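Here the structure is laid out as structure tokens; the discussion comes afterwards.
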């Protein structure tokens, strides 16, 4: 039997021995994104190492770079929470002047991107730096111990959005930074997930190869913050896609009229008109995704909140130009 | 026997490791985190049955450490020095070639 | 040949940047510094300066981009003032901690609230604990020269610290004065290329910058910053000496004026030093034994020079455009530190004046001097005195 080839480079830029929690979906994200980036750099510049990483303060930063050790095998810099995009812009400018061929990869969590780093991100995108910004979205401030961010989904428990007599948990809709990024009309914006690694790798490579800025919002499981079983990190991320909670899409050059929607799988029926996805009939109820996570436990006793979450997911899909039907879980 | 892709890093850090404070607290040895043998965190360990493996690479792709590398025939090799025992590999394995068993130390 | 011309301090700062040839500049407009990035934009647009000019969306991103570029191993520059510097505050500590010799030109301006665009030194003084070197210019020529010197010192391997050069809002930033622009070749020789061995972002020699340090390692990073600040004292003297040799203009950390037989020395910084020197001449004509001293370098604080200065006077009057509430001016605090264990020391009297662009007049200096004279006579005076207050509106 012939030796099968792995579908991704065996080069590693993320070394073991880092302090991420067991089952950390973001750690898988770091590893896959850098591998894909390296493949793109090899294809574009003939040099798999032709990149550097600017990292916002956050989980993946603190677990990977504790002096005198580092998990990184690519040039890597961390400066502060809100400025990874600005630091990346500075490196981009310096590399231009030094004649170094390559691309800058910036990492920020959802807090460092959707909240405190949004301004620097906007500036970097608008100025068209040669930077790919990957937001690893685990949907709360996990590094400080699970506080809500603007990227926390409706209904989720966090330490600052506890459910109670007067609270359903998080009471605001999730902010989709990918849509904000796309409004900058940059060459490439996408959402991705560790639940679909082949799609993730494809998108990272596409982002890394465009000239100018790109943005990817990557869904990453946090078993610690989501109160989910550690072995289910990938399964959960996949379920988020299959139930319609996490859309996979691409927007090129800010063309909102031609958003590319990736098929969610999970038996969902996708309706296309003129090559464009216009409707999706999901078969798996969101409850399948939610029930595995302690952060949504209370929603099962609050049908009105569950219904509101379903409505918000439908509204989000409408923004993408897709009518969705979401089944209800059978009792 | 297949070699860890981090073999050179492990050797380098053993040879060059220094706690001496650098200017700007720069960490100068790439991949030096390999000194931290996170395998000690493990409660359950993955047990691999090669006969069932179809080499789909999913365990290799998903491992967050990474504590799975590939041998000459591209079968997964489990690196128990670093495996934290999360069980994602076993959970995702389509042929149940990986099962989690309680660690016996 | 050097060019003799006239220009504002903001233009002088832009010229200094042009002469230093930074590869990356990142700046954001703010009164009174805006002319610096405007002028640099012209230089870049005309091809006179071969640099990447990043027109960032905030001062926080300006300094962050400079950190990124400096960490990648290139010379960088930015300019700001007041709220802009305050917005950079967080990253100022980081730039020093990462040992990145970024140079920032500051049009010294007050801090809000109320918002006020005029001169005092509260902006840079408030950053005195960041680990940055601080220079203060008396005039536009000094603004240009000190920026060049700041690069020379900041990039020295014994130092490797960022530096800020302050010049007073409007009094200098917007006032045209004669300035000599040094020869590019001489500046090139003076500064050399910046080729750091500790900070680079090289795909084929990957290092990790900006690590997390646990209690087992953090304190040593602070100690090394302390040592670098100490080392900078000698490096600054050497840079001043070399600058004088090459360009003919002399600088000293603490510049004295008619102090030899003085009973009272008026110590100040920035453009106020010019006013005070004139005032000393006037007072001397009246037979008052008064001298002046200017703090050209404020960080590292020149403790030894201050001790030498203190030996010459019975009273030192500190004239400062900054205030630490419930304590006094920054110079008062630092002079106290320098002199507290000296066997013989002058009395220190602190004067807070000129805040938010309030003119400092000879009348104000008369008032300060009369209080200093009281102290000289052994009369009890307040340690901290507010001069030039409009008591009628309080």
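The values are calculated or read from the model by the stated rules, or taken from the named source; none is laboratory data. All figures in this text were calculated on a predicted structure; none of them were measured in a lab. All Cβ positions, glycine included, derive from the backbone under ideal geometry; neighbour counts span all protein chains shown.
Structural remarks
- Counting the residues of the range A:239-269 that are assigned to a loop (DSSP other than H, G, I, E, B) and either more than 11 Å from residue A:321 (Cβ to Cβ) or within 17 Å of the chain's Cα centre (by Cα) (or both) gives 16.
- The one condition from (1) at pLDDT below 95; (2) not in a loop (DSSP other than H, G, I, E, B) that residue C:281 does not meet is (1).
- Counted residues, the range C:334-352 - those being over 24 Å from residue C:379 (Cβ atoms) and buried (at least 17 other Cβ atoms within 10 Å of the Cβ): 2
- Residue check, residue C:42 surrounded by fewer than 24 Cβ atoms within 10 Å (Cβ to Cβ), within 11 Å of chain A (Cβ to nearest Cβ) and part of a helix (DSSP H, G or I): no
- Verdict on residue C:35 being in contact (Cβ under 8 Å) with a residue 60 or more places away in the chain, closer than 21 Å to residue C:108 by Cβ and more than 9 Å from every other protein chain (Cβ to nearest Cβ): yes
- Candidates C:78, C:130, filtered to the one that is in contact with a strand residue (DSSP E or B) (Cβ under 9 Å, 6 or more places away or on another chain), under 18 Å from residue C:31 (Cβ atoms) and without any contact (Cβ under 8 Å) to a residue 60 or more places away in the chain: C:78
- The residue pairs whose first member lies in the range B:84-105 and is under 15 Å from residue A:223 (Cα atoms), whose second member is at pLDDT below 95 and surrounded by 11 or more Cβ atoms within 10 Å (Cβ to Cβ), and whose beta carbons are closer than 8 Å, counting only pairs six or more residues apart or on different chains, are B:85/B:103.
- Condition check for residue A:232: within 14 Å of chain B (Cβ to nearest Cβ) and either in a helix (DSSP H, G or I) or surrounded by fewer than 24 Cβ atoms within 10 Å (Cβ to Cβ) (or both): yes
- Summed over the range C:98-111, residues that are surrounded by fewer than 24 Cβ atoms within 10 Å (Cβ to Cβ) and more than 18 Å from residue C:320 (Cα to Cα) total 0.
- Members of the range A:53-94 that are crowded, with 24+ Cβ neighbours inside 10 Å, in a helix (DSSP H, G or I) and within 7 Å of chain C (Cβ to nearest Cβ): A:86, A:87, A:88, A:89, A:90, A:91, A:93, A:94
- Qualifying residue in the range A:162-183 (condition: under 29 Å from residue B:59 (Cα atoms) and crowded, with 24+ Cβ neighbours inside 10 Å): no
- Unique residue being out of contact with any strand residue (DSSP E or B) (no Cβ under 7 Å at 6 or more places or on another chain) and either in a helix (DSSP H, G or I) or surrounded by fewer than 19 Cβ atoms within 10 Å (Cβ to Cβ) (or both) when the list is C:331, C:389: C:389
- Scanning the range C:209-226 for residues that are more than 11 Å from chain A (Cβ to nearest Cβ) and closer than 20 Å to residue A:59 by Cα turns up just one, C:215.
- Checklist (1) under 16 Å from residue A:131 (Cα atoms); (2) more than 7 Å from every other protein chain (Cβ to nearest Cβ); (3) part of a helix (DSSP H, G or I) applied to residue A:43, failing item: (1)
- Scanning the range C:356-383 for residues that are assigned to a helix (DSSP H, G or I) and farther than 23 Å from residue C:284 by Cβ yields C:356, C:357.
- Residues that are out of contact with any strand residue (DSSP E or B) (no Cβ under 6 Å at 6 or more places or on another chain) and assigned to a helix (DSSP H, G or I), drawn from the range C:1-39: C:10, C:11, C:14, C:16, C:18, C:19, C:20, C:35, C:38, C:39
Conditions (1) assigned to a loop (DSSP other than H, G, I, E, B); (2) facing chain A (nearest Cβ under 7 Å); (3) within 11 Å of the chain's Cα centre (by Cα), marked per residue:
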position: B:34; (1), (2), (3): no, yes, yes
position: B:39; (1), (2), (3): no, no, yes
position: B:47; (1), (2), (3): no, no, no
position: B:54; (1), (2), (3): yes, no, no
position: B:61; (1), (2), (3): no, yes, no
position: B:64; (1), (2), (3): yes, yes, yes
position: B:73; (1), (2), (3): yes, yes, no
position: B:80; (1), (2), (3): yes, no, yes
